[in-house]
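*Asks:* Before anything else, here's the structure in question.
The values are calculated or read from the model by the stated rules, or taken from the named source; none is laboratory data. Being a predicted model, the structure only gives us computed values, none of them experimental. When we count neighbours, we look across all protein chains shown, and the Cβ atoms used for this are built from the backbone with ideal geometry, even at glycine.
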Amino acid sequence: MSSILIKNGTLVTMDSANPIVRGDLLISGSRIAELGNTSQSADVVIDASECAVIPGFVQTHIHLCQTLFRGAADDLALIDWLKQRVWPMEAAHSPASLRASARLGIAELIKGGTTCALTMETVNHTSEVFRVVEETGFRATVGKCMMDKGAEVPQALQEQTAQSIEESLALLDQWHGTADGRIRYCFAPRFAISCTRELLERVGELARERGVMIHTHASENRTECALVEEETGLRNINYLDSLGVSGRHVALAHCIHLSNDEIRILKRTGTHVVHCPSSNLKLGSGIAPVTKLLEEGISVSLGADGAPCNNRLDMFTEMRTAALLQKALHGPEVLAAERVLRMATIDGARALGLEAEVGSLEVGKRADVAVVMLDRLHLAPEADVVSSLVYAATASDVQSVIIDGREVMRDRTLLTLDETEVIAEANGQSELLMGRTGLTAD
Ligand code: GUN
Ligand code: ZN
């Protein structure tokens, strides 16, 4: 069994009993074997004497299929952004462009210390994304986007209810639990206004029967909320709950515009909220009531959302932005750095139902680890390591990344992807895709 020894680091464990210790972390096979000081040797030794060693970030809302659209849908509000730019571009995806998009996204995520993601893909070609996850060694819960309703939806994204469910089930059967559990499936209905009541209800039943998650968008934008209420007579979260789309296996991206009753539903059902601060600001969607949700004991984790509404896929950006936003609203005492770091790691793992496997550095857990350089100008002088990580560090401070006990980045060089090739492929496929849409890049 291969082994990796990370020597002499500041171990930010995110384990509630013993959060920060100085020492070594030994990985044997895919799991963490020892924490603290070890006399063991290993096949690979990483010197972390000037580094923080942290659980890899868990990115709980992203669209790998949209990475290729970075910079091609700026400065629009959600519904125009979707109808004018994102849906036509998703409709134009070929298997090759989707593959390029997923590779670009995963390369960026790994370079920024993210080891695991919950991703909503597009309607077509989702197998390509699973294959990229498999090849790159990344950990992901992936869902094919479901869209069986809606106005101004390009034909290539319009689905029949039964066919959408059939395709989702086929992908679930093929991929869920593969690569020794590294790859998982989730149902991914796009949002209430893209889905029929029948589809949402069936997804609610099937997710419980098959033991998989549901990942959808909810209450992101005022127009979206008004449309749902107009069509159903219910507020968005009430509507989803009435159809069985709530519970500990459900992760709702955004949840900005919530009534007190909707907050009570989230709390009662244990539904997870995924906060996407950069996306919410850039699309002008609003600011989620994160402080209130946390006070209520509701699970809140972090997401970058897709590249065209951020335009970074970087957990450092999301941690800092999440904290600063709540401080602007409620004062500097709220959402302390340690709380935000939990949202980016162990709470993200919990949202994915993976808290027993990843999200903290503990013996027996899967070895998903990021090594972050601290001997940097913008991190000096050495202060509180958690403060450095949340408020000052950037993605380019990540030195090495390990997923499931496998090195995927060493000294900032990706090992399962060729960075130059990924960029060239993204440029080439983006040009072809934009040509197919008939849209211009801006
Ligand atoms: N709501 C429905 N689809 C999307 C999407 O692709 N991105 C975001 N941010 N919100 C959505
Ligand atoms: Zn999204």
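*Asks:* State whether the residues of region 327-343 include one that is out of contact with any Lys or Arg (no Cβ under 8 Å at 6 or more places or on another chain), farther than 28 Å from N18 by Cβ and surrounded by 17 or more Cβ atoms within 10 Å (Cβ to Cβ).
*Replies:* No.
*Asks:* Are any of the residues in region 429-436 closer than 19 Å to L313 by Cα and in contact (Cβ under 8 Å) with a residue 60 or more places away in the chain?
*Replies:* yes
*Asks:* Still on this structure, please answer the following. If I filter region 206-229 down to residues being away from ligand 1 (no atom under 11 Å from the Cβ) and charged (D, E, K, R), which single residue comes out as surrounded by the fewest Cβ atoms within 10 Å (Cβ to Cβ)?
*Replies:* Filtering region 206-229 for residues that are away from ligand 1 (no atom under 11 Å from the Cβ) and charged (D, E, K, R), the one surrounded by the fewest Cβ atoms within 10 Å (Cβ to Cβ) comes out as E209.
*Asks:* Now for a separate question. Does any residue of region 152-162 turn out to be acidic (D, E) and closer than 22 Å to G348 by Cβ?
*Replies:* no
*Asks:* In region 414-433, how many are in contact with a helix residue (DSSP H, G or I) (Cβ under 8 Å, 6 or more places away or on another chain) and part of a helix (DSSP H, G or I)?
*Replies:* Number satisfying all stated conditions: 10.
*Asks:* Further, regarding this structure: Does any residue in region 211-224 that is modelled with pLDDT of 95 or more come within less than 7 Å, Cβ to Cβ, of a residue that is among the polar types (S, T, N, Q) six or more places away or on a different chain, and which pairs are these?
*Replies:* Correct list of pairs: M213/T141; A218/N236; S219/N236; E220/S285; N221/S285.
*Asks:* A further question on this structure: Would region 320-341 turn up any residue that is in a loop (DSSP other than H, G, I, E, B), small (G, A, S) and on the phi > 0 side of the Ramachandran plot?
*Replies:* For region 320-341, residues in a loop (DSSP other than H, G, I, E, B), small (G, A, S) and on the phi > 0 side of the Ramachandran plot: present.
*Asks:* For E357, only one of the following conditions fails: (1) part of a loop (DSSP other than H, G, I, E, B); (2) within 20 Å of A52 (Cα to Cα). What is its number?
*Replies:* (2)
*Asks:* Restricting to region 294-314, and then to whatever is of a type in the set (G, A, S) and not in a loop (DSSP other than H, G, I, E, B), can you tell me which residue is surrounded by the fewest Cβ atoms within 10 Å (Cβ to Cβ)?
*Replies:* A307
*Asks:* Another question, if that's okay. Provide a single number: the residues in region 265-292 that are assigned to a helix (DSSP H, G or I), farther than 19 Å from R320 by Cβ and not charged (D, E, K, R).
*Replies:* 3
*Asks:* If you don't mind, another one. Going by the conditions given, is A322 surrounded by 21 or more Cβ atoms within 10 Å (Cβ to Cβ), closer than 18 Å to T13 by Cβ and in contact with a helix residue (DSSP H, G or I) (Cβ under 8 Å, 6 or more places away or on another chain)?
*Replies:* No.
*Asks:* Given the condition of a type outside the set (A, V, I, L, M, F, W, C) and closer than 23 Å to A336 by Cα, answer yes or no: does some residue in region 231-241 qualify?
*Replies:* Scanning region 231-241 turns up no residue that is of a type outside the set (A, V, I, L, M, F, W, C) and closer than 23 Å to A336 by Cα.
*Asks:* List the residue pairs whose Cβ atoms are under 8 Å apart, where the first residue sits in region 235-253 and is surrounded by 20 or more Cβ atoms within 10 Å (Cβ to Cβ), the second is aromatic (F, W, Y), and the two are 6 or more positions apart or on different chains.
*Replies:* No pair meets every condition.
*Asks:* So which residues in region 171-212 are out of contact with any helix residue (DSSP H, G or I) (no Cβ under 7 Å at 6 or more places or on another chain) and within 16 Å of ligand 2 (Cβ to nearest atom)?
*Replies:* Hits for region 171-212 are C186, A188, R190, S194, C195.
*Asks:* Where residues in region 188-205 are within 15 Å of ligand 1 (Cβ to nearest atom) and not small (G, A, S), which of them is nearest to Q163 (Cα to Cα)?
*Replies:* Looking at residues that are within 15 Å of ligand 1 (Cβ to nearest atom) and not small (G, A, S), I get L199.
*Asks:* Helices (runs of 4 or more DSSP H) wholly in region 44-158 with at least 2 residues that are more than 13 Å from ligand 1 (Cβ to nearest atom) and buried (at least 24 other Cβ atoms within 10 Å of the Cβ) - which ones?
*Replies:* Result: 95-111, 126-136.
*Asks:* From the list L417, L379, L354, pick out the single residue that is within 25 Å of V273 (Cβ to Cβ) and either of a type in the set (S, T, N, Q) or touching a strand residue (DSSP E or B) at 6+ places or on another chain (Cβ under 9 Å) (or both).
*Replies:* L354
*Asks:* So how many residues does region 22-43 have that are over 27 Å from T317 (Cα atoms), of a type outside the set (G, A, S) and surrounded by fewer than 18 Cβ atoms within 10 Å (Cβ to Cβ)?
*Replies:* 6
*Asks:* While we're on this one: Can you tell me which residues in region 210-249 are part of a helix (DSSP H, G or I) and charged (D, E, K, R)?
*Replies:* Once the filter is applied, which keeps residues that are part of a helix (DSSP H, G or I) and charged (D, E, K, R), region 210-249 yields R210, R222, E224, E229, E230, E231, D241.
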